[in-house]
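A quick write-up on the structure given underneath.
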Amino acid sequence: MHVSRILKAKQRRMVTTRPTATVTEVTKLLERERIGAVLITDERGQMLGILSERDLVHGLSRFGSALLTKTAAEMMTREVVTCTPETSLQELMSQMTEGRFRHLPVIEEGKLVGVVSIGDVVKFRLEELESEAGALKAYITSA
């Protein structure tokens, strides 16, 4: 199983914002979209970084209420770990576990094509396990 299967099952809509957005604007965006991270992109759509809830918590610890006036560019993670549509789910889960992050941008041929969250992975695996259990049950009851 590969990341491409998850991307096919979910909406490909990606939430992005500009590097000049304030943390206040970013937090409103995260709340409105009910997401835990936003991609920071330039005017051409090239990813510059990612700003997650964890980044905001670390920023709050460092800057206190002054965090709200900081920009996305100041607070974002710049060295973003990514995956490709061909990345296996096992590799994806290992990357997320080892890196201790919950969102991975998906890059194909140098272009941002999606974001996979740990919630997407869990949902996909649960559906996969339920399908396998149903198939086994049907096989056993038909014998």
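The values are calculated or read from the model by the stated rules, or taken from the named source; none is laboratory data. These numbers come from a predicted model, not from an experiment. Reconstructed Cβ throughout: ideal geometry from the backbone, glycine too, with neighbour counts over all protein chains shown.
Tell me yes or no: at least one residue of region 128-139 is among the acidic types (Asp, Glu), in a helix (DSSP H, G or I) and either touching a Phe, Trp or Tyr at 6+ places or on another chain (Cβ under 7 Å) or crowded, with 16+ Cβ neighbours inside 10 Å (or both). So far as region 128-139 goes, no, none of its residues is among the acidic types (Asp, Glu), in a helix (DSSP H, G or I) and either touching a Phe, Trp or Tyr at 6+ places or on another chain (Cβ under 7 Å) or crowded, with 16+ Cβ neighbours inside 10 Å (or both). State whether the residues of region 111-125 include one that is within 27 Å of ARG18 (Cα to Cα), surrounded by 16 or more Cβ atoms within 10 Å (Cβ to Cβ) and touching a Phe, Trp or Tyr at 6+ places or on another chain (Cβ under 8 Å). Within region 111-125, not a single residue is within 27 Å of ARG18 (Cα to Cα), surrounded by 16 or more Cβ atoms within 10 Å (Cβ to Cβ) and touching a Phe, Trp or Tyr at 6+ places or on another chain (Cβ under 8 Å).
Just one of (1) in contact with a His (Cβ under 7 Å, 6 or more places away or on another chain); (2) closer than 19 Å to VAL15 by Cβ trips up VAL121, so point out which. With respect to (1) in contact with a His (Cβ under 7 Å, 6 or more places away or on another chain); (2) closer than 19 Å to VAL15 by Cβ, VAL121 is out only on (1).
For (1) at pLDDT 90 or above; (2) in contact with a Pro (Cβ under 8 Å, 6 or more places away or on another chain), each residue gets a yes or a no:
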position	(1), (2)
VAL106	yes, yes
GLU109	yes, no
VAL121	no, no
LEU126	no, no
SER131	no, no
LEU136	no, no
ALA143	no, no
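Could you list, in sequence order, the residues of region 60-78 that are of a type in the set (Gly, Ala, Ser), more than 18 Å from ILE35 (Cα to Cα) and either surrounded by 15 or more Cβ atoms within 10 Å (Cβ to Cβ) or touching a residue at least 40 places away in the same chain (Cβ under 8 Å) (or both)? Listed by number, the list holds a single entry, ALA73.
Quick one: count up the residues across region 11-29 that are under 20 Å from LYS123 (Cβ atoms) and not in a loop (DSSP other than H, G, I, E, B). Summing the residues that are under 20 Å from LYS123 (Cβ atoms) and not in a loop (DSSP other than H, G, I, E, B) in region 11-29 gives 0. Among the residues making up region 67-90, those that are under 16 Å from THR20 (Cα atoms) and small (Gly, Ala, Ser) are ALA72, ALA73.
Selection within region 7-29: residues that are of a type in the set (D, E, K, R) and surrounded by 14 or more Cβ atoms within 10 Å (Cβ to Cβ). The member of this set that is farthest from GLU86 (Cα to Cα) is GLU25.
Among the conditions (1) acidic (Asp, Glu); (2) closer than 30 Å to ASP42 by Cα; (3) over 13 Å from the mean Cα position of the chain (by Cα), GLU130 misses just one, which is (2). Checking each residue in region 30-45 for being surrounded by 11 or more Cβ atoms within 10 Å (Cβ to Cβ) and either assigned to a strand (DSSP E or B) or at pLDDT below 95 (or both) picks out GLU33, ILE35, GLY36, ALA37, VAL38, LEU39, ILE40, THR41, ASP42, GLY45. Within region 119-134, residues that are closer than 16 Å to HIS103 by Cα reach partners that are among the small types (Gly, Ala, Ser) with beta carbons closer than 7 Å, at six or more positions or on different chains, in the pairs PHE124/ALA9. State whether one or more residues within region 29-36 are at positive phi and of a type outside the set (Ser, Thr, Tyr). Scanning region 29-36 turns up at least one residue that is at positive phi and of a type outside the set (Ser, Thr, Tyr). Taken over region 79-106, the criterion of being free of Cβ contacts under 8 Å to residues at least 40 places away in the same chain, β-branched (Val, Ile, Thr) and not in a loop (DSSP other than H, G, I, E, B) is satisfied by THR97 alone.
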